[in-house]
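The values are calculated or read from the model by the stated rules, or taken from the named source; none is laboratory data. Keep in mind that this is a model prediction, so the values were computed, not measured. Cβ coordinates were reconstructed from backbone atoms using ideal geometry, including for glycine residues, and neighbour counts include every protein chain displayed.
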Amino acid sequence: MSFPLPAGVASAPRAVPGTYTRILHGGLGPDPVTGAIVEPIVQSTTFVQPEVGVDTGFTYSRAANPTVSALERNLAALEGCEPDAVAFATGMAATTALCLATLKAGDHVICGDVVYGGTVRLLREILAGFDVRTTFVDPTDLDAVREALCDDTRLVFVETPANPTLKLCDLAALGRLLADHPARFVVDNTFLTAAGQPCLEHGVDVVLYSTTKYIEGHNSTVGGAILTPDAALRERIAWCRKATGSIQSPFEAWLTLRGLKTLPLRLQRHSDNALAVARFLEAHPRVSRVIYPGLPSHPQHALAAQQQLVFGGMLAFEVESTEASLEVLRRVKLCSLAENLGAVETLITHPASMTHADVPVEQRLAIGLTEGLMRLSVGLEDPEDLIADLAQALG
Ligand SMILES: *Cc1c(COP(=O)(O)O)cnc(C)c1O
């Protein structure tokens, strides 16, 4: 079974055989006791030990829990780095654990100049206080990345497509650049997931997710995950999770497993809808700019077609002034003004005052995050209805 090609891309087939099958069956199986086909929710803090020094593999749910472990095996199968992953209470808990597991005072981080606002806050306002230095670099500028690398650099952290300007990084090129440097190459793949953008083949060392977004996909949970083929690093991250107490809860893990089952189907529909909405916005006289990797006007459209299996459900668009954007946000009815993304309902945000309010204004403007920019997480509604809603909001 093959993953559908992105709509509108006339490239050679780039099927990834087995994505659906891996998601539905990878790391899962009928419950050995009851035969239940769906993973049970093991809502238990502790696990009785047959005798001192012997356990079932589970002792206390801050260290590990069977439902969380099922989610981890399933995510690992999807990403292609079996047998395991590390699941967290939130995406930011995952980023924090990664930093704690890999950094110490005096170390250096290179971070993409456009990343999730919470990641910037963690690096600038928390880790800086522990003497971890971060250089923010445009990751499309390979010379700038090379220049920023130093002996103390331990992590090179990027997002692609980036939130919210949808700038892309060339993962293969960055992977080559970093191949002979000990720094770990980390990709926050929240916007596309392994079903839409397999990363590990490009030399990426660590893939990080906010599962809150497309992976769970239903606006029902917050969660995070880290995947890496480096078993020692994975164990250290899981140990940091236990030490600091940031594991996913069993019920949230179960909901996330449930959401995952339809991930490729949702991702395709999100992308098809986003392309339809992007084309409508691009033709609208009141819209000054539309940023969507699936549009030929996106400066990195060719890279998107080559690196991604879908163009994704996220787009950004700009109207002429702050006031005009606030007016659109007041008038939308079907699109909800809310901070999440990647879920079945369409959400719209104003990054400058919402998700990225903590990013210093000079940094915001330098990356093109203007006051009139709105971010749309295109949901699974009928695209005609989304277009009609935006048309009436734009007036
Ligand atoms: C939401 C998000 C995060 C943070 O995840 P939480 O689950 O909200 O903690 C990190 N990276 C990206 C790209 C995100 O969209």
Considering the stretch 344-362 alone, what residues qualify as being in contact with a helix residue (DSSP H, G or I) (Cβ under 8 Å, 6 or more places away or on another chain), closer than 27 Å to H218 by Cβ and of a type in the set (V, I, T)?
V344, T346, I348, T355
Cβ pairs under 8 Å, 6+ apart, first in the stretch 318-346 and surrounded by fewer than 17 Cβ atoms within 10 Å (Cβ to Cβ) and modelled with pLDDT of 95 or more, second of a type in the set (D, E) and not in a loop (DSSP other than H, G, I, E, B):
K333/D389
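Restricting the stretch 313-366 to residues that are assigned to a loop (DSSP other than H, G, I, E, B) and of a type in the set (S, T, N, Q), which is farthest from T193 (Cα to Cα)?
If we filter the stretch 313-366 for residues that are assigned to a loop (DSSP other than H, G, I, E, B), which is where we start, we get 313, 320-321, 332-335, 338-346, 350-360.
Now drop any that are not of a type in the set (S, T, N, Q), which leaves 321, 340, 346, 353, 355.
Details: S321: 33, N340: 16, T346: 18, S353: 27, T355: 20 Å.
The selected residue is S321.
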Could you go through the stretch 97-114 and let me know if any residue there is out of contact with any helix residue (DSSP H, G or I) (no Cβ under 9 Å at 6 or more places or on another chain), within 15 Å of the ligand (Cβ to nearest atom) and β-branched (V, I, T).
yes
Every pair of residues 6+ apart whose Cβ atoms lie under 6 Å, when the first sits in the stretch 89-117 and is within 30 Å of W254 (Cβ to Cβ) and touching a residue at least 24 places away in the same chain (Cβ under 8 Å) while the second is of a type in the set (F, W, Y) and crowded, with 19+ Cβ neighbours inside 10 Å:
A94/F88
I'd like to verify a number: residues in the stretch 348-364 that are within 16 Å of E381 (Cα to Cα) and surrounded by fewer than 20 Cβ atoms within 10 Å (Cβ to Cβ), how many?
0
Could you tell me whether the stretch 258-279 includes any residue that is closer than 30 Å to G27 by Cβ, more than 16 Å from the chain's Cα centre (by Cα) and hydroxyl-bearing (S, T, Y)?
yes
Exactly one of these conditions fails for R121: (1) surrounded by fewer than 18 Cβ atoms within 10 Å (Cβ to Cβ); (2) part of a strand (DSSP E or B). Give me its number.
(2)
Picking from V290, V207, which residue would you name as being within 14 Å of the ligand (Cβ to nearest atom), assigned to a strand (DSSP E or B) and touching a strand residue (DSSP E or B) at 6+ places or on another chain (Cβ under 8 Å)?
V207
Kindly indicate whether any position in the stretch 145-155 is among the hydroxyl-bearing types (S, T, Y), farther than 23 Å from A352 by Cβ, more than 16 Å from the ligand (Cβ to nearest atom) and crowded, with 19+ Cβ neighbours inside 10 Å.
yes
Evaluation of T56 against (1) at pLDDT 95 or above; (2) in contact with a Phe, Trp or Tyr (Cβ under 8 Å, 6 or more places away or on another chain); (3) surrounded by fewer than 18 Cβ atoms within 10 Å (Cβ to Cβ) (one fails), failing number
(1)
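This table checks each residue for (1) within 13 Å of the ligand (Cβ to nearest atom); (2) in contact with a helix residue (DSSP H, G or I) (Cβ under 6 Å, 6 or more places away or on another chain); (3) assigned to a loop (DSSP other than H, G, I, E, B); (4) without any contact (Cβ under 8 Å) to a residue 24 or more places away in the chain.
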| position | (1), (2), (3), (4) |
| --- | --- |
| H218 | no, yes, yes, no |
| P229 | no, no, yes, no |
| I237 | no, yes, no, no |
| L257 | no, yes, no, no |
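Can you find even one residue in the stretch 82-101 that is in contact with a strand residue (DSSP E or B) (Cβ under 8 Å, 6 or more places away or on another chain) and at pLDDT below 95? Full working, then the answer.
Let us first name the residues in the stretch 82-101 that are in contact with a strand residue (DSSP E or B) (Cβ under 8 Å, 6 or more places away or on another chain), namely 85-95, 97-99.
Restricting the remaining residues to those that are at pLDDT below 95 gives none.
The answer is no, given that none of the residues of the stretch 82-101 is in contact with a strand residue (DSSP E or B) (Cβ under 8 Å, 6 or more places away or on another chain) and at pLDDT below 95.
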